[in-house]
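I have placed the structure first, in the form of structure tokens, so that the comments after it can refer back to it.
The values are calculated or read from the model by the stated rules, or taken from the named source; none is laboratory data. Not measured: the values here are computed from a predicted model. Methodologically, a virtual Cβ is constructed for each residue, glycine included, from the backbone with ideal geometry; neighbour enumeration extends over all protein chains shown.
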Amino acid sequence: MKRILANDGITKGGQEALEAAGFEVITENVPQEELNEALKNYDAVLVRSATMVRKETIDACPNIRLIGRGGVGMDNIDVDYAKSKGVEVINTPAASSASVGELVFAHLFSMARFLQDSNRNMPLTGDSDFKGLKKKYSAGTELRGKTLGIIGFGRIGQASAKIALGVGMKVLATDPYISDATIDIEIEGADTVSVKINTIDFDSVLKNSDFITVHVPGGESPLLNKKEIEMMKDRVGLVNAARGGVINEVDLVDALQSGKVAYAALDVYENEPTPAVQLLMNENISLTPHIGAATLEAQDRIGQELAEKIITFFEGQN
Ligand code: NAD
């Protein structure tokens, strides 16, 4: 029987799927310094972000055939080294896309009605200046009929498009590697509606969108700087739930100050876990502390996705 150590835990559904397939799953947490010894008795190790699987561990435990990361980022695993030793390394990039897409829309709906600021001010002056606040937030906008620009049309970009179409928005998307995608919208009580979206060039998305959300991998330098922001519509709304710094934070604050950008939403920051105070204090920024993937449903899918990949891998080994 193959033995798996889920050192940072695994969801009940994932554990059950593995056990049903004949694996023994141990969820006890082994401290980092005892890992090299403990793993000698296992065929696979599963981690989240807490446990590190470094070169020393991979060398000390040649019996380990697979390292699984529940989630996306693999900074805590020496992935290339593991692969060079023939160890399979897997993660679960698809499990959280819908959750991130919903967070994007939580921010978009909030910004369009100034909830980020209203939630800050109602506890302070909601009783003494109700009418003043009512006036302050009286020029909200609807999302319906507006155009959402999506930069990066991979998993999360497409998950966001699905919600946008459901809300009645127009969608413009750009991606150097994806020319089109068919978005299936499941509507309770009706047939699934499929919408094909052809991606267009980057500049056209910048110029023609009322709201823009970025879903690209993090790069060396920001994708959206002063130059790109200047190409956008006046009073655009921006969302970054991708990686800190994809939108240049200094240029964003300037553009909010000038009114070029009406509002912005950030789930990720250049300086995590100490984001710049200029962002935190800005009344026109809707803020969350990197919680895009943090839903119970995504956690459950992470467990299921891991289990499926592990089962497939070990089946292929027999
Ligand atoms: P993905 O790989 O499925 O999609 C990314 C897409 O971006 C790809 O299709 C790629 O071709 C495209 N792309 C690359 N460079 C581009 C460019 N210059 N312009 C336009 N498109 C470009 O990735 P995903 O799963 O959709 O994740 C997207 C981002 O979301 C990643 O940065 C990921 O780290 C981040 N993420 C954030 C959270 C969160 O908690 N906020 C959770 C999961 C993922």
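Filtered by the rule that a residue be within 10 Å of the ligand (Cβ to nearest atom), among the small types (G, A, S) and closer than 30 Å to S138 by Cβ, segment 90-124 gives a lone residue, G101.
Could you tell me whether L165 is farther than 26 Å from A95 by Cβ, away from the ligand (no atom under 16 Å from the Cβ) and surrounded by 11 or more Cβ atoms within 10 Å (Cβ to Cβ)?
Numbers: farther than 26 Å from A95 by Cβ: no; away from the ligand (no atom under 16 Å from the Cβ): yes; surrounded by 11 or more Cβ atoms within 10 Å (Cβ to Cβ): yes.
So L165 does not fit the description; no.
Restricting attention to segment 15-39 and to residues that are in contact with a helix residue (DSSP H, G or I) (Cβ under 6 Å, 6 or more places away or on another chain) and not in a helix (DSSP H, G or I), the residue that is surrounded by the most Cβ atoms within 10 Å (Cβ to Cβ) turns out to be V25.
Is it fair to say Q317 is free of Cβ contacts under 8 Å to residues at least 24 places away in the same chain, out of contact with any Ser or Thr (no Cβ under 8 Å at 6 or more places or on another chain) and exposed (fewer than 13 other Cβ atoms within 10 Å of the Cβ)? Judged against the criteria, Q317 is not a match.
Does A241 satisfy the criteria of being under 16 Å from H215 (Cβ atoms) and in the same structural domain as V104 (by TED's automatic domain parsing)? Show your work before the answer.
Working: under 16 Å from H215 (Cβ atoms): yes; in the same structural domain as V104 (by TED's automatic domain parsing): yes.
Against the criterion (under 16 Å from H215 (Cβ atoms) and in the same structural domain as V104 (by TED's automatic domain parsing)), A241 qualifies.
Cβ-Cβ distances below 7 Å connect the following pairs, each with a first residue in segment 159-179 that is in the same structural domain as A241 (by TED's automatic domain parsing), a second residue that is more than 15 Å from the ligand (Cβ to nearest atom) and part of a loop (DSSP other than H, G, I, E, B), and a separation of six or more residues or different chains: V167/L143; V167/R144; G168/R144; G168/G145; M169/L143; M169/R144; M169/K146.
Grab the strands (runs of 3 or more DSSP E) fully contained in segment 184-284, keeping just those with 2 or more residues being buried (at least 19 other Cβ atoms within 10 Å of the Cβ).
Working: elements: 193-198, 211-214, 236-240, 261-266.
Where strands (runs of 3 or more DSSP E) fall fully within segment 184-284 and carry at least 2 residues being buried (at least 19 other Cβ atoms within 10 Å of the Cβ), they are 211-214, 236-240, 261-266.
Say we look at segment 149-158 and pick out the residues that are surrounded by 22 or more Cβ atoms within 10 Å (Cβ to Cβ) and not in a loop (DSSP other than H, G, I, E, B); which of these is farthest from the ligand (Cβ to nearest atom)? Within segment 149-158, the match that is farthest from the ligand (Cβ to nearest atom) is G149. Go through the residues of segment 190-201 one by one and say whether even a single one is in contact with a strand residue (DSSP E or B) (Cβ under 6 Å, 6 or more places away or on another chain), of a type in the set (A, V, I, L, M) and within 14 Å of L108 (Cα to Cα). The answer is no, given that none of the residues of segment 190-201 is in contact with a strand residue (DSSP E or B) (Cβ under 6 Å, 6 or more places away or on another chain), of a type in the set (A, V, I, L, M) and within 14 Å of L108 (Cα to Cα).
Among residues that are more than 26 Å from the chain's Cα centre (by Cα) and not acidic (D, E), V30 is included. In segment 214-223, the count of residues that are more than 11 Å from the ligand (Cβ to nearest atom) and more than 22 Å from Q278 (Cα to Cα) is one or more.
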